[in-house]
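Each remark here refers to the structure printed beneath this line.
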Amino acid sequence: MEAALVRVLAAPSFQRADRQSALLRYLVDAHLGSVEVKESVIALEFFGKKDYDPHHDSLVRVEIGKLRQRLAKHYETGGTADPVRLEIPKGAYAVLVQRSPLPVQAPPEPLPVPAATGRRIPLIAGAALAMVMLTGAVIWLSRPKPVPPPGATYIAVLPFVDMSPGKDQGYFCDGLTEELIHLLSGYNSIRVASRTSVFQFRGVPQDAREVGRKLGAQVVIEGSVRREGNRIRVTAQVINAADGYHLFSETYDRDFNEVLAIQEELAASIGRALRWDLLTLGTGRVLGRPRTRNPQAFHQYLLATRKANFSEPVEAIELYRTAVALDPQYALAWAGIAIEAITTVDWGIAPPAEALAEASEAARKAMALDNTLAEAQQAAGRVRACHDHDWKGADEAFRRAVELDPEYVYFQEDWVRFALQPVGRFPEAVSVLQRALTAQPGNNHLRNGLAGTYIRMGQYDLAKQSLEVSLKTNARAPAVHVMLSQAATAEGRHAEALRHIEDAARIWRSPWVLGEMSYAYAKAGRRVDAAKVLAELLAMEPRRVAYETAVAQSVLGDREGALSSLERALAMQSIAMLWIKFDVRLKDLHAEPRFQQLLKKLRLS
């Protein structure tokens, strides 16, 4: 039956019939899965109509009729020699498999995937574009020859290349790439290389065979975007990573402001093209992220997301604010505001009270609009941890985010950092990070998070092993040097500790680096140098340095000063206070009643 479906979908009469192709795939998979097909079921599952009334709406009957006619045309023309036919009897909705009445000497080879014709069809932004591209991939992956490896199909979506004259569409290229990754990763039988893995190839021409080898991908999707005025052209290719040959190549033209007009209708088309996965989808994830109908809001959202990805949270927030001003129902943009507002507090670049208040309200709106959105759950988790100190609530929110989008490790990182580590659930944190690293072994953020967890557990050898791997790929990462210094200091290897912390300070003289530097100097017996670093901290803006000032004061023996600094840090809502309970640098303060009172206020006692 699969071979018959492949022949039909590859036939000229179905090449421009995306909806009928997807509908036929849906009916075939229902047949293979022994799923009863009724008009109301098709209306709900395929067309997304929740309140379908067959007495007043003939959509299903009309589309099935069109499909029936197209099948008949195929078998009257190019499909006359097909050994097996797919039919939909009149008055029925289920597909039947019939042997051809024609004598056939030998079944013909499946028709190859047609090469690029150069014709232009409408561009569908984000996930919708994926439907057309992946239809070609589905046809190829379904061919009897060659047989794909058993189990999951591995796909890598390379960053789309900006071919615009002004080279100013990078944000749109990245957004398009991320939407494809996001949608495809929702299927059980497809594994998609992560954003972190594929974005290492941005801006550098790549051989698909080499990409496939590095990422373990069988199929590579690549493409380009060219915008001139209000017209945009996207060229996309699906490539066999085994031999580098194109399986599918097309060019799409569209008015840029009209992109969203058909986006919602076709956002789930890729799911219909891969219908067998929908029958086994177990993640609870909603296919096709909630999006806006306002092209300007969508434009601002893509710009904001690019700023966030490039570690520019303040600029990202401004653009997210513009997006929600244009469309107050844009849940993704509200979640973006909350997530990035927490980041500005975490990095000490915004007044905590104002930023946390905005984050709390934005997260509340995102959750009210759509609590099945993973980003909304992430935003809620951050707010519950950083603003409310509701550790159980934070854990539940992050856990739900991971359930909704298990392939995006950013949610797992946040779960560990904001919910598990503060309360000392270190074995669970290690388990989460190790699972994520199994899927993304090259992700240094995960590896560093694992090392930080090991340090809090006192397992310094394991921390060092993890950090040394990170160091090989990025010797200028200050966080790696700081944690190597922490591990070395804890084990009394002071010369090594000072070498690492001084390397970190040459790269990034931040409050965190300076606090650790003062601590390492004092532990190495260089108290004068430690005091100089403390003086540097005291000269900086208090809300940014209160916590690390306490570290330096504590190690230099000023317990009263250290406790006062921690109290100021809590009053100023410093996010650094989340990890106070298991910060080994503050262990000399643990027995102090004022320290215990701080833990109670943070709900960490």
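The values are calculated or read from the model by the stated rules, or taken from the named source; none is laboratory data. Not measured: the values here are computed from a predicted model. Reconstructed Cβ throughout: ideal geometry from the backbone, glycine too, with neighbour counts over all protein chains shown. The protein model used for the area step is the full one, side chains on, heavy atoms only, and it has no ligands, DNA or RNA in it. Shrake-Rupley method; radii C 1.70, N 1.55, O 1.52, S 1.80 Å.
The table for this structure:
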{"item": "Residue 194 - accessible surface, heavy atoms, 1.4 Å probe, Å² rounded to 10", "result": "10 Å²"}
{"item": "Computed label-point distance, nm, for sites residue 293 and residue 230 using a 7 Å Cα→Cβ extension", "result": "2.0 nm"}
{"item": "Most to least accessible of 540, 517 (protein chains only, probe 1.4 Å)", "result": "540, 517"}
{"item": "Greater than 25 Å apart at Cα, pairs in 49/392; 38/90; 307/601; 523/601; 365/392; 532/581", "result": "49/392; 307/601; 523/601; 532/581"}
{"item": "Near-label residues of the stretch 371-413 by backbone N, under 17 Å of a point 7 Å along Cα→Cβ of residue 469", "result": "409-410, 413"}
{"item": "Eligible aspartates and glutamates near residue 167 by straight Cα distance, threshold 15 Å, same-chain separation 8 or greater", "result": "228"}
{"item": "Estimated distance in nm for a label pair at residue 435 and residue 389, the labels positioned 7 Å out from Cα along Cα-to-Cβ", "result": "3.0 nm"}
{"item": "Accessible area per residue in Å² at 1.4 Å probe, computed on the stretch 406-479", "result": "43 Å²"}
{"item": "Spin-label pair residue 87/residue 214, simplified geometry with 7 Å Cα→Cβ offset, distance in nm", "result": "5.3 nm"}
{"item": "Fully extended contour minus Cα-Cα distance, from residue 38 to residue 368, at 0.36 nm per residue", "result": "115.4 nm"}
{"item": "Gyration tensor verdict on the stretch 305-357 (Cα atoms; rounded if a/c is under 1.5, prolate if a/b is larger than b/c, oblate otherwise)", "result": "oblate"}
{"item": "Anisotropy class of the stretch 493-556 from Cα gyration tensor, a/c 1.5 cut", "result": "oblate"}
{"item": "Gyration tensor verdict on the stretch 321-420 (Cα atoms; rounded if a/c is under 1.5, prolate if a/b is larger than b/c, oblate otherwise)", "result": "oblate"}
{"item": "Candidate residues 518, 13: accessible-area rank, largest first, probe 1.4 Å", "result": "13, 518"}
{"item": "Accessible surface of the stretch 447-584 [probe 1.4 Å, protein heavy atoms]: carbon and sulfur percent", "result": "53 percent"}
